[in-house]
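Data first, discussion second: the structure below is written as structure tokens.
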Amino acid sequence: MGELKDEDYRLDEWHEAREELPARFIETDSAEVDTYTGATGSSERWIEAVADALAKAGL
């Protein structure tokens, strides 16, 4: 599953991805976005979570 990361996590790319990916989801109006380089694992989990939420919402 992976480790739970928070504000203290030291990888700059993770923090950048955390800010950037929501904008990408909104811009594309879907979960089909590219992973964020340097935060691939987290990106993949966020993409999966958004895809699951959209499916459960019937979208």
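Any read-out appearing in this document is the output of simple, stated calculations on the displayed coordinates, not a laboratory observation. The structure displayed is predicted, hence computed values, not measured ones. Here the Cβ is made from the backbone with ideal geometry for all residues, glycine too, and neighbour counts use every protein chain on show.
For the chain, what does the helix formula give at 222 nm: sum of -39500 (n - 2.57) over DSSP H segments with n ≥ 4, over the residue count, nearest 500 deg cm²/dmol? Can you show the working numbers first?
On the way: 2 runs with 34 residues, N = 59.
Value at 222 nm, helices only: -19500 deg cm²/dmol.
What percent does the relative contact order of the chain come to when contacts are Cα pairs within less than 8 Å and at least six residues apart? Could the numbers behind the result be given before it?
Details: 29 pairs, mean separation 17.4, N = 59.
In percent, rounded to a whole number, it is 30.
By how many degrees, between 0 and 90 and to the nearest 10, does the Cα long axis of helix 40-56 differ from the longest principal axis of the chain?
Long axis of 40-56 versus the principal axis of the chain: about 30 degrees.
For the chain, take the longest principal axis of its alpha carbons; what is the angle in degrees between that and the long axis of helix 12-28, to the nearest 10 within 0 to 90?
Roughly 10 degrees, rounded to the nearest 10.
Around His15, what is the net charge, scoring Lys/Arg as +1 and Asp/Glu as -1 over all other residues with Cβ under 10 Å from its Cβ? Don't jump to the answer; show the numbers that get you there.
Numbers: positive: Lys5, Arg10, Arg18; negative: Glu7, Asp12, Glu13, Glu16, Glu19, Glu20.
Value of the local net charge: -3.
If you wrap a convex hull around the Cα atoms of the stretch 16-58, how much volume per residue is inside, in Å³? If you can, show how the numbers build up before the last one.
Working: hull volume 2.4 nm³, N = 43.
Spread over its residues, the Cα hull of the stretch 16-58 gives 56 Å³ apiece.
Scan the stretch 1-58 for trypsin sites (Lys or Arg not before Pro) in coil per DSSP, keeping those whose Cβ has at most 12 other Cβ atoms within 10 Å, and list them by number.
Sites meeting the loop and neighbour criteria: Arg10.
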